[in-house]
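First up is the structure itself, then whatever we jot down about it.
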Amino acid sequence: MLEKIKALEKIALKLEPASLERKTIREAVVNYSEGFLDNIETLKAYQTTTDKGKQILDAPIQDQGIDINQILDLIGHNVDRPGLNPASGGHLAYIPGGGIYPSSLGDFLADVTNRYAGVFYASPGAVRIENLLLRWMCDLFGFPPEAGGNLTSGGSIANLTAIVTARDFKQLKSRDFEKVVIYSTAQVHHCTLKAIKISGLYEAIQRNIPMDEHFRMDAEALKKAILEDKKNGLIPFMVMASAGTTDTGAIDPLEAIADLCTSEDLWFHVDGAYGGFFVLSDEVKAQFKGIERADSIVIDPHKGLFLPYGSGALLVRNVKWLYNSQHMEANYLQDAFDDIEEISPADLSPELTKPFRGLRLWLPLQLFGVAPFRAALSEKIWLCRYFYEEIQKIEGFEVGTYPDLSVMTYRYIPKSGNVNAYNLDLTNRVKEEGSVFISSTTINGLVYLRLAVLSFRTHLQTIHRLLEVLKTLTKA
Ligand SMILES: *Cc1c(COP(=O)(O)O)cnc(C)c1O
């Protein structure tokens, strides 16, 4: 038996490369990533290819490993070349991604030491970091001292957890689901509709409240709908407001919605996955007035704080509501319950084992301070406003509503032919050109091009490049 164990150990030891071996792998990876970053300015925002990374399939998972340089070649050719490059400042579509460098080093450290951030007793320091970050975010929005939250993988899971928390707080019974009413606008993010479905509330009535000409919820119409529903014996349950819709960047009238949620006793949820962190920016801070009265807020550090993908956050006005919804005891975790100086993230989330997400956010905030984040957010606002002015100077272009934040819509009116078809085709031609990447949307049957500025690498020269590309491609 001992011989057998020793033989297995010899093979298994491959999993523990020694210092020199670590150095070889690490340097290869660092060289690769440095090459990527050094060329980021010239890398395309979108790369059209015919193979679409297909050679990745030629390297199946096998019993024996391959060389790190071979692996990096596979990644370089098949992963980091075809398709969208979310790390590029030229990414001006959907909601652009981030990828600030120190976050990757935070992940590196968190992964090497593999601290378990689920339970205070397991890693008090890691949990303190996560709770400190959540406290900081709660303070940004003016939440009270009893507020708290959870660091999630993104906005979708955070929205789902918020809806489940609201469902449990209001003690909705499944027999009542058909009478439960959820209010939002047609511009609410589709992940919240998905969350309603997953939370079991798909039988609930989902009311689309009309919007004003800026695509913000009409608070008067909301009031009418709630009162009407109450009169008809229905159960008005929650309002899902948006602080920055994905399509047009609109912020719903939060203060008026807060008033209604207070007087009519509804859960007030704000999806700020895209727009929430703009509360840091003096230019637009006032538009968030009323958000401090929300019951739950969703924000996405992997959008508004420029982190690499994998960081969302849910904030709840009273952390007990979240705890009551999400915590569960288990006998095999009994040792973990004694020490309650800090609340444990695993008690505030469906997740038990989770990555130490705090470090990828805490490290850059400590290293840079908040000032550059604030400046970058204000810069994005001004870049969007600048584009709004400049695009109208190019013949044939017209704009949608003035941007609340850093997303806006515009379109080209050709001298003849179908306007919608032209703009869809223009989106594709911009994609083929590749130096910038934009997306389109359809609003009231009209196809619009969208500008979404949120990459930390998007600066004035990027906007100039986009204007140049659009001018060239629309030249008769
Ligand atoms: C991106 C986004 C979401 C979804 O968040 P993920 O992090 O992609 O899961 C939700 N709401 C809004 C407004 C968004 O922009």
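The values are calculated or read from the model by the stated rules, or taken from the named source; none is laboratory data. This structure is a prediction, so every number in the text was calculated from the model and none was measured. Every residue, glycine as well, gets a Cβ built from its backbone with ideal geometry; the counts of neighbours run over all protein chains shown. Side chains are part of the model used for accessible areas, which takes the heavy atoms of the whole protein and leaves out ligands, DNA and RNA. Shrake-Rupley method; radii C 1.70, N 1.55, O 1.52, S 1.80 Å.
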### Query
So which of LEU172, LEU151 ends up being part of a loop (DSSP other than H, G, I, E, B), closer than 20 Å to ASP295 by Cα and either in the same structural domain as LYS354 (by TED's automatic domain parsing) or over 20 Å from the mean Cα position of the chain (by Cα) (or both)?
LEU172
## Note on the structure
Residue pairs qualifying under the 8 Å Cβ cut-off, at least six apart or on distinct chains, with the first in segment 315-328 being among the charged types (D, E, K, R) and the second being open to solvent by 30 Å² or more (accessible area, probe 1.4 Å), are ARG317/GLU146; LYS320/GLU146
### Query
What do you reckon, is ALA336 assigned to a helix (DSSP H, G or I), away from the ligand (no atom under 16 Å from the Cβ), hydrophobic (A, V, I, L, M, F, W, C) and at pLDDT below 95?
yes
## Note on the structure
ALA93 fails exactly one of (1) within 16 Å of the ligand (Cβ to nearest atom); (2) over 30 Å from LYS380 (Cβ atoms); (3) among the hydrophobic types (A, V, I, L, M, F, W, C), namely (2)
### Query
Which residues, taken from segment 49-85, are over 21 Å from ASN31 (Cβ atoms) and of a type in the set (Lys, Arg)?
LYS52, LYS54
### Verdict on ASP176 being more than 25 Å from PRO96 (Cα to Cα) and out of contact with any Phe, Trp or Tyr (no Cβ under 9 Å at 6 or more places or on another chain)
yes
### Query
Given the residues THR245, THR262, which is the only one that is out of contact with any Asp or Glu (no Cβ under 7 Å at 6 or more places or on another chain) and within 16 Å of the ligand (Cβ to nearest atom)?
THR245
### Summary
For segment 181-195, the count of residues that are buried (at least 23 other Cβ atoms within 10 Å of the Cβ), more than 16 Å from the chain's Cα centre (by Cα) and of a type outside the set (S, T, N, Q) equals 2
### Task
Sort out which residues of segment 196-220 are crowded, with 19+ Cβ neighbours inside 10 Å, within 16 Å of the ligand (Cβ to nearest atom) and not in a strand (DSSP E or B), and write them in order of number.
ILE196, SER199, PHE215, ARG216
### Query
Which of the residues spanning segment 411-454 are of a type in the set (Phe, Trp, Tyr) and over 25 Å from the mean Cα position of the chain (by Cα)?
TYR412, TYR422
### Matching residues, segment 248-257, being surrounded by 22 or more Cβ atoms within 10 Å (Cβ to Cβ) and either assigned to a helix (DSSP H, G or I) or aliphatic (A, V, I, L, M) (or both)
ALA250, ILE251, LEU254, ILE257
### Query
Could you list, in sequence order, the residues of segment 268-313 that are within 13 Å of the ligand (Cβ to nearest atom), over 13 Å from GLY155 (Cβ atoms) and surrounded by fewer than 24 Cβ atoms within 10 Å (Cβ to Cβ)?
PRO308
### Summary
PHE237 vs (1) within 18 Å of ASP176 (Cβ to Cβ); (2) open to solvent by less than 40 Å² (accessible area, probe 1.4 Å); (3) part of a helix (DSSP H, G or I): all pass except (3)
